[in-house]
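A.B. asks: What follows is a single structure, and I will ask about it in a moment.
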Amino acid sequence: MPAQAAAGLDAPRGVQEGGPEGLAAYEERVFGYLPRSDQRRWAAAYLRGLLCTPGRKTVRRMAQNLDLPDTAPQALQQFITSSPWDWAPARVELARIALESMPDAVWTAKPVLLRKRGSHSVGLRPGVLPGTGRRVSCQIGIGLFLSGRAGSVPVSWRLLLDEAWCGDPERRRRARIPDEVTSRPAWALVLEMVEQFAAAGVAESVPLVLGRDFAPFADQVVARLTHRGRDFVVEVPPGQPLAEVPPRQLRPSFVSVSDAESLVKARCRRTVAAVPGRAETVSTVVRLLPSRRHAPAVPQTHRLVAEVSAAQRRSSCYWVTSFRDAQPVSVRVLARRTAVTEAAAWDVHNELGLLDFEGRSFPGWHHHMTLASAAYLHRRLAAGRSAPGPQ
């Protein structure tokens, strides 16, 4: 892991020490709430297995790597798939530790495609492998991250479930999907996670930054966040309908209805030519209009910030933000946190066993994802301690 990616992640008190002692303190802080000693013991073993087992992280390989008894693989599997422990308190503690480590963090989110070989994994659906166009069977996990200037960590997850799962009573029973879980879009799951952390007293005022994965639903996201009074930076597609709000001295009835790309191009033509080879930034006050029929418009005004690329092959980027008085460069800096999240999602996907869990139960999936997130955060904290300081 590059040193610069770990910089800025300072270990909180109680998990500052290196080696087993620091890991033991971390395990106690994150999983000490579990009511039974055997649950706490197996949580620690599973976490250590994820951290130190190279390659595939099956329960058998983790038990062998930790030199555990022959009965340990079955016990680890039981702890993940069948033991009735609540994963929410662990996720709240992960968020608290991440915020202590990154006081400048914002919320970000990322869908992660988890390719599966079997046919019974909970939430299994057809998907397209990124970068290849190849169709595969997969789960889609929606990760909620806390992202600072130099690091990003997942602290919560939702499994994207369609009606093929939620509308089938037998499938629900076999996978132990709770009655309250319904088929919902990815953006709604993200907002639900953010609101649950706020209800727990964690990151109540932390802004939400969403990238292009959620851009097609920007008007719905902005409407919900505006209603809840949460600050945000949300990427919008080039064709996002909007109305440019005129300066106060113009007639209030004059409103220019357009889309993000056309509005920005028109404003670029009216400005002095940009420095050759350098992206141009455009900013104006707008009101978002619905992208779908019969959807309500967002009555409040927000700021549109666009980065217009000077390179023909590179697309421009458009964001809408609640920070109406912020400098455009500040909005762009926050928007770029999604790139840090992309890197973190790749790391946790490929290095910490997200693909290696083959359990069929809904609770088992959440248990595994919680422990993988805990392993990733601890690894980042350890890397931050060992990263070289400024030269």
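A.B. asks: Return the aspartates and glutamates within reach of LYS116: Cα separation strictly under 12 angstrom, same-chain partners fewer than 8 residues apart disregarded; answer none if there are no such residues.
C.D. replies: ASP356, GLU358
A.B. asks: Okay, moving on. Take the Cβ-Cβ distance between CYS52 and ALA279 as r, set R0 to 35 Å, and report the resulting FRET efficiency rounded to the nearest 0.05.
C.D. replies: Values: r = 43 Å, r/R0 = 1.24.
After rounding, the FRET efficiency stands at 0.20.
A.B. asks: Multiply the residue separation of ARG60 and ARG117 by 0.36 nm, subtract the distance between their alpha-carbon atoms, and state the gained length in nm to one decimal. Walk me through the numbers before you get to the answer.
C.D. replies: Values: separation 57, 0.36 × 57 = 20.52 nm, distance 1.82 nm.
Here the answer is 18.7 nm.
A.B. asks: Moving to a separate point now. Ordered by residue, what ³J(HN,Hα) values in Hz, to whole numbers, does segment 144-153 give under the Karplus form 6.51 cos²θ - 1.76 cosθ + 1.60, where θ = phi - 60° and Gly and Pro are x?
C.D. replies: In residue order, the calculated couplings are 9, 10, 9, 10, x, 4, 10, x, 8, 9 Hz.
A.B. asks: Moving to a separate point now. Testing the spin-label approximation: label points 7 Å from Cα along Cα→Cβ at ARG149 and GLN78. State their distance in nm.
C.D. replies: My value for the distance between the label points is 5.0 nm.
A.B. asks: Regarding segment 157-200, what whole-number volume in Å³ per residue does the convex hull of its Cα atoms give?
C.D. replies: Values: hull volume 3.2 nm³, N = 44.
That works out to 72 Å³ per residue.
A.B. asks: Order these peptides, 82-91, 57-66, by their mean beta-carbon neighbour count within 10 angstrom, highest first.
C.D. replies: Numbers: 82-91: 17.0, 57-66: 19.3.
My ranking of the peptides, most packed first, is 57-66, 82-91.
A.B. asks: Separate question: Which whole-number percentage describes the relative contact order of segment 12-131, with Cα contacts under 8 Å and a sequence gap of 6 or more? Before the final figure, lay out the partial values.
C.D. replies: Numbers: 62 pairs, mean separation 23.9, N = 120.
Computed value for segment 12-131: 20 percent relative contact order.
A.B. asks: Can you compute the modelled spin-label distance between GLN300 and TRP346, with each label point 7 Å from Cα toward Cβ, in nm?
C.D. replies: Distance between the two pseudo-spin positions: 3.5 nm.
A.B. asks: Using r as the Cβ-Cβ distance of ASP179 and SER330, and R0 as 41 Å, what FRET efficiency do you calculate, to the nearest 0.05?
C.D. replies: Computed FRET efficiency for ASP179 and SER330: 0.40.
A.B. asks: Here's something else I'd like to know. Taking segment 30-174 as the region of interest, what is the percent of Cα-Cα pairs per 10 angstrom bin, listed from the shortest bin to the one with the maximum distance?
C.D. replies: P(r) for segment 30-174, in whole percents per bin: 10, 27, 38, 23, 2.
Read-outs throughout are calculated quantities, based only on the coordinates presented, and are distinct from any laboratory measurement. Here the structure is a predicted model, which means the values were calculated and not measured. Quick reminder, even Gly has a Cβ in these numbers, built from the backbone with ideal geometry, and neighbours come from all protein chains shown.
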